[in-house]
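Report on the following structure.
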Amino acid sequence: MQAGPSIAEEVGRLLVFQRTPHWAMHNPNYHKAVSAGNLWCLRHIPYFAQWLRFQLFWAGSDGFHASLQMDPNWPMPEISLNEANHKMRELITEHVRKELDGDEELLARVIPGYPPYGKRMLRDNYWYRMLKRPNVELVTGGIARVTEDAIVMADGTVHPVDVIILATGFQASKMLFPMRIKGRGGRSIRDAWGDDDPRAHLGITVPGFPNLFLTYGPNTNLAHGGSIIFHLECQVRYITQALREMIEQDYATLEVRQEVHDSYNRLVDETCRNMVWAHPGVTSWYKNRHNRVTVTSPWRLLDYWRLTQHFVPEEFRAARRGEAPMIPGQEARAVSSIEQLTVS
């Protein structure tokens, strides 16, 4: 999606080997320069940057979050989730049809059979009009092998090539790999998670691994717009509050309570099961081999901000040097992060 349109005009022939079709949305502002007026406002108007950031986040994420939830009564569950999601599908399809000059044969090869946002929504970087160029060919069959100077298809077709650009992903579910991290009793993070089932409270902290705090941990990736930088800011704020608690209380260790971790992850799983990424027609790196969504956050940005806004000491076991772990302020009832989300 990024490389193709950038080089199509410069190469003699471009072959695009498409494993599966992908949704790519039209954005009229994608190639626009930031206006002089916007630049002036960013420099001179107090809080304009914060307002603009919020507006972009809301329009590009939280504002359509409901459209990514499955409606059990929706009559076309194979291709869309609800009325708003189906309308999105129709709008994108119409844009693609226009870009392809009504080429129905090509349209059938590039429109996914799964609902929009089942995988990360791409932005049309003149991708579709690139496919209409005379020197570009879309190849949709399976690849059997790569030779010294060609790609050989499963049906025996041989495509001679000079250069291969690989855009095939990485081991996203095997989080923290290849680092070797050990917690209490020498138990490793791979023992706790396996290769594809990572879990953490708020995506940040794991029972049995005191003083281990993560950024971009399990179920904190954004597949519905927004910015991972915003999530990282939320996580860093939460972690620094935890560190401040350790310093002020002279704690040697902080470790999230198992029941707090488990309750949060049950809520994550329940919420994810109703989201587009768990759709049975979607296969992606968001899910593990048991169809559990392990990578993607089910929350709105506002929800995750609320969840991580305040570090709650009562959700943790703490210990000073030479002492057994205790629950800080156990006599006081803690407002858990899950309750914060439910109330909001």
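Below is a table of values for the structure above.
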| quantity | calculated |
| --- | --- |
| Two-site FRET efficiency, Val139 against Met25, from Cβ-Cβ distance with R₀ of 22 Å, rounded to 0.05 | 0.40 |
| Cα pair count fraction exceeding 14 Å, expressed as % - segment 96-158 | 68 percent |
| Restricting segment 77-159 to trypsin sites (Lys or Arg not before Pro) in coil, as DSSP defines it, with at most 16 other Cβ within 10 Å | Lys132 |
| Segment 184-343: relative contact order in percent, alpha carbon pairs under 8 Å with at least 6 residues between | 26 percent |
| Segment 279-331 and segment 223-250: distance between their alpha carbon centers, rounded to Å | 12 Å |
| Size of charge dipole - segment 236-324 - debye, nearest 20, with Cβ of Lys, Arg +1 and Asp, Glu -1, no other charges | 420 debye |
| Sites Lys98 and Lys182, calculated FRET efficiency, Cβ-Cβ separation with R0 56 Å, nearest 0.05 | 0.50 |
| Longest site-free stretch - the chain; sites: chymotrypsin sites (Phe, Trp or Tyr not before Pro), DSSP loop, at most 10 other Cβ within 10 Å | 171-344 |
| Charge dipole (debye, nearest 20) of segment 77-183; +1 at Cβ of Lys and Arg, -1 at Cβ of Asp and Glu | 800 debye |
| Estimated distance in nm for a label pair at Tyr126 and Arg109, the labels positioned 7 Å out from Cα along Cα-to-Cβ | 2.2 nm |
| The chain: most fluctuating residue of Asp191, Asp162, Asp101 per GNM, C-alpha cutoff 10 Å | Asp162 |
| From phi via Karplus (6.51, -1.76, 1.60), per-residue ³J(HN,Hα) for segment 316-328 in Hz, x at Gly/Pro | 10, 9, 10, 8, 8, 4, x, 10, 6, x, 10, 9, x |
| Over segment 184-343, equivalent-ellipsoid semi-axes from the Cα gyration tensor in Å | 28, 18, 14 |
| Lysine pair count for the chain [Cα-Cα under 21 Å; pairs on different chains or 8 or more apart] | 8 |
| Principal axes of the chain: Cα extent on each, largest first, Å | 72, 52, 45 |
| Value of relative contact order over the chain, rounded to a whole percent, pairs C-alpha under 8 Å and six or more apart | 18 percent |
| Derived scalar couplings ³J(HN,Hα) [segment 66-73; Karplus, 6.51 cos²θ - 1.76 cosθ + 1.60; whole Hz; x for Gly, Pro] | 5, 6, 9, 9, 6, 9, x, 9 |
| Low-density loop positions, GluC sites (Glu not before Pro), segment 54-150 - DSSP coil, at most 13 other Cβ in 10 Å | Glu78, Glu148 |
| Cβ-Cβ FRET estimate between Val34 and Lys87, R0 fixed at 25 Å, reported to 0.05 | 0.25 |
| Taking segment 136-176 and dividing mean pair separation by its residue count, relative contact order in percent (alpha carbons under 8 Å, at least six apart) | 23 percent |
| For Val136, distant residues with modelled amide H under 5 Å away | Leu14 |
| Cα shape, segment 3-160, gyration tensor, a/c 1.5 rule | oblate |
| Additional length obtainable on full extension of the chain from Ile7 to Asp269, 0.36 nm per residue less Cα span | 90.2 nm |
| Full-stretch length increase - Gln69, Arg289 - with 0.36 nm per residue and alpha-carbon distance subtracted | 77.0 nm |
| Virtual paramagnetic centre 7 Å along Cα→Cβ of Gln241, amide N under 19 Å, in segment 190-217 | 200-207, 211-217 |
| Karplus 3J(HN,Hα) series, Hz, for segment 6-23 with 6.51 cos²θ - 1.76 cosθ + 1.60 (x for Gly, Pro) | 6, 10, 4, 6, 9, 9, x, 8, 10, 9, 9, 8, 9, 6, 9, x, 9, 6 |
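Each value in this text was obtained by applying a stated rule to the coordinates, not by laboratory testing. These figures come from a predicted structure and were not determined experimentally. Because the Cβ atoms are built from the backbone with ideal geometry, glycine has one as well, and the counts that use them run over all protein chains shown.
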